[in-house]
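For reference, the structure discussed in these notes is given below.
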Amino acid sequence: MAIITAQEEVARLRRSGQILAGALGETVRAVRPGITTRQLDRIAEAAIRRAGGQPAFKNYQGYPATLCASVNSQVVHGIPDSRRLREGEIIGLDLGVEYQGLYTDQAVTVPVGKIAPPAERLIADTRQALELGLAAVRPGGTTGDIGAAIQGWLEPRGYGIVRQLSGHGLGHAVHEPPAVPNVGRPASGPELTPGLVIAIEPMVTIGDWRVKTQADGWTVVTVDDSLAAHFEHTVRVTDSGYELITADGGRTVLGVDVGEKKIGLAIGNRSTGLAFVRPPLLVTSWSQAWPKLEQLIASENIESVVVGWPLNAQGQPGPQAERIRQFIADLKQRIRVPVVTRDERLTTQAVRREQRGRRLRRGQEDSLAAQLLVESYLEESRR
Ligand code: MF3
Ligand code: CO
């Protein structure tokens, strides 16, 4: 039973959850007809490691992969392989992260392309079951409160609720007590005390609730081959309710500094306020630069773009203004995310200071400008 209250440990737990939510988001965005579940596994593993975490499931009781990828009637623990996803299927993606000894667990079920209405409803109703389970978490409450909330929503709608598996405590390991079943009676079962970390994870079918494990020793499927969905979050019980630990850290902003020959790029995160530089784009050929920029915006799930706006010392548009105005007009034509501009005088000054101090290597100026641009924008929108 993990009770996590020390500030420094809570901070590491949050970081674990943030790495996980980011990696899962990246994996979800890669789902499309034709991709294999093994490719998704590689994407998930790379994303976790890039962010400084470790895949928590890999080698856990002999499990062979980073990701659990469960297609259609597979409920959970599907092992990634060379099978290609097809339009109309649904896939459960379940990931675990370990970061400096702190474990988090999260899952979603998503469509592959366009899917039939009953599958859409199953996904929406399972997600709602998780929301209601989360809403039942409070100090002094019980695991039975959570199960009752989930069961009370799903059963009247005719769904099967998987009972052989349940949610669980975690924090210092992938699985710890207490069990958190998806059925139950209010005020029954172990108490939810402040600091307790649990994963809530309804597993839902449109047919029989019973499941079996396949010969690979892992893949859990419905006995009647009916479709199944699975959503999961890790939360920490607090003095007033709960804190979502697997919070989407993917609220990202792209900073763009349009130079003469290069476009400096940096990607900032709203939850951390920090931005990381990306290699600048060469603007020798716009027909090559645009697709790269569009791909970056899509793959990083960018929510808005900040473009440096050139003003001279008197606050009037500088000589570059016309080029940048054109760039922004073109950008708005090509992408759907909002584009904002920020006065680039401050960031330009900061870059000059760095140049004088010779702390910059050639070619770093553009990206540094973009990094400062995003960080000042994030700071200002935080206030
Ligand atoms: N996410 C699963 C759960 O919540 C754990 C997967 S264990 C593994 O119980 F071994 F399959 F990775
Ligand atoms: Co779990």
Long-range amide H partners of residue 201 with built H, under 5 Å | 167
Take region 226-321, drop everything but the C-alpha atoms, weight them equally and run the Debye formula without solvent; then report log10 I(q)/I(0) at 0.11 Å⁻¹ to two decimals.
-> -0.52
Note on the chain: contact order normalised by length, alpha-carbon pairs under 8 Å, 6 or more apart, percent, works out to 15
At q = 0.11, 0.22 Å⁻¹, what log₁₀ I(q)/I(0) does a Debye calculation on the Cα points of region 252-382 give, no solvent, two decimals?
-> -0.35, -1.48
Given springs between every Cα pair under 10 Å in a Gaussian network model of the chain, which of 276, 231, 327 has the largest fluctuation?
-> 327
By count of other Cβ within 10 Å, fewest leading, how are 26, 344 ordered?
-> 26, 344
How large is ³J(HN,Hα) for each residue in region 219-227, as worked out from phi by the Karplus curve 6.51 cos²θ - 1.76 cosθ + 1.60 (θ = phi - 60°), to whole Hz, x for Gly and Pro?
-> 4, 9, 10, 6, 5, 9, 6, 6, 5
Residue 343 paired with residue 288, simple spin-label distance in nm, labels 7 Å along Cα-to-beta-carbon = 3.7
GluC sites (Glu not before Pro) within region 230-335: DSSP coil, no more than 13 neighbouring Cβ in 10 Å = 260
Over the chain, the sum of -39500 (n - 2.57) across DSSP H runs of at least four, divided by residue number and rounded to 500 deg cm²/dmol, gives at 222 nm -11000 deg cm²/dmol
Kirkwood hydrodynamic radius (C-alpha pairs) into Stokes-Einstein, the chain, 4 °C and 1.567 mPa s, D in µm²/s = 57
Top mean-square fluctuation among 369, 298, 149, Gaussian network model of the chain, C-alpha springs under 10 Å?
-> 298
Could you tell me what percent of the DSSP beta bridges with both partners in the chain are antiparallel, to the nearest 5?
-> 85
Centroid-to-centroid separation of region 259-299 and region 14-66 [C-alpha atoms, Å] | 24
Phi-derived 3J(HN,Hα) across region 67-72 with the Karplus relation (6.51, -1.76, 1.60, θ = phi - 60°), rounded Hz, x for Gly and Pro, is 9, 9, 10, 10, 9, 6
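No lab work stands behind these numbers, since they all come straight from the coordinates. In this text the structure is predicted, and so the values were computed from the model without any measurement. Cβ coordinates were reconstructed from backbone atoms using ideal geometry, including for glycine residues, and neighbour counts include every protein chain displayed.
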